[in-house]
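These notes concern the structure reproduced below.
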Amino acid sequence: MSENEILETHLQELRRGTVVLACLRLLVEPGYGYGLLEELGRRGFPTDANTLYPLLRRLEKQGYLDSEWNTDEARPRKFYRTNRAGIVLADALTTDFQAIATAIAALSEED
């Protein structure tokens, strides 16, 4: 495995949890998969569809997202929205993420 591949693997691992948090935050306003993919990219969380859709299904199954089908248009779309449990989770993840970022910054300052 090349150094670039190893780096990319580590970056993917680091980003995985942040994408969960970003989805929970962005879906406070209802959104559908493709629109969420675009918004995540615009906000600095580039994500692959093969990662996002299973993530949305998992968060829904775990009780953090609600969903409903919109059949008003020619092509039905499943809209997701962060529910109360998802907001509580997002708040907890945000607090922990901020603590981790502070701890990492402190490590850098010690150098």
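The values are calculated or read from the model by the stated rules, or taken from the named source; none is laboratory data. Predicted model only: the values in this text are computed from it and were never measured. Cβ coordinates were reconstructed from backbone atoms using ideal geometry, including for glycine residues, and neighbour counts include every protein chain displayed. Accessible surface areas use protein heavy atoms only, side chains included; no ligands, DNA or RNA. Shrake-Rupley method; radii C 1.70, N 1.55, O 1.52, S 1.80 Å.
Tabulated data
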| read-out | value |
| --- | --- |
| Breaking point among (1) in contact (Cβ under 8 Å) with a residue 40 or more places away in the chain; (2) more than 18 Å from Ile87 (Cβ to Cβ); (3) open to solvent by 70 Å² or more (accessible area, probe 1.4 Å), for Glu29 | (2) |
| Some residue of the stretch 80-91 being open to solvent by 90 Å² or more (accessible area, probe 1.4 Å) and farther than 16 Å from Arg25 by Cβ | no |
| Scope the stretch 61-93; condition closer than 13 Å to Tyr32 by Cβ and not in a strand (DSSP E or B); matching residues | Thr71, Asp72, Glu73, Arg75, Pro76 |
| Selection within the stretch 100-111 - open to solvent by 60 Å² or more (accessible area, probe 1.4 Å) and not charged (D, E, K, R) | Ile100, Thr102, Ile104, Leu107, Ser108 |
| Qualifying positions in the stretch 51-68 - at pLDDT below 95 and loosely packed, with under 11 Cβ neighbours inside 10 Å | none |
| Search result, residues across the stretch 45-77 that are closer than 14 Å to Val19 by Cα and among the aliphatic types (A, V, I, L, M) | Ala49, Leu52, Leu55, Leu56, Leu59 |
| Search result, residues across the stretch 9-24 that are within 8 Å of the chain's Cα centre (by Cα), over 15 Å from Tyr53 (Cβ atoms) and not aliphatic (A, V, I, L, M) | Gly17, Thr18 |
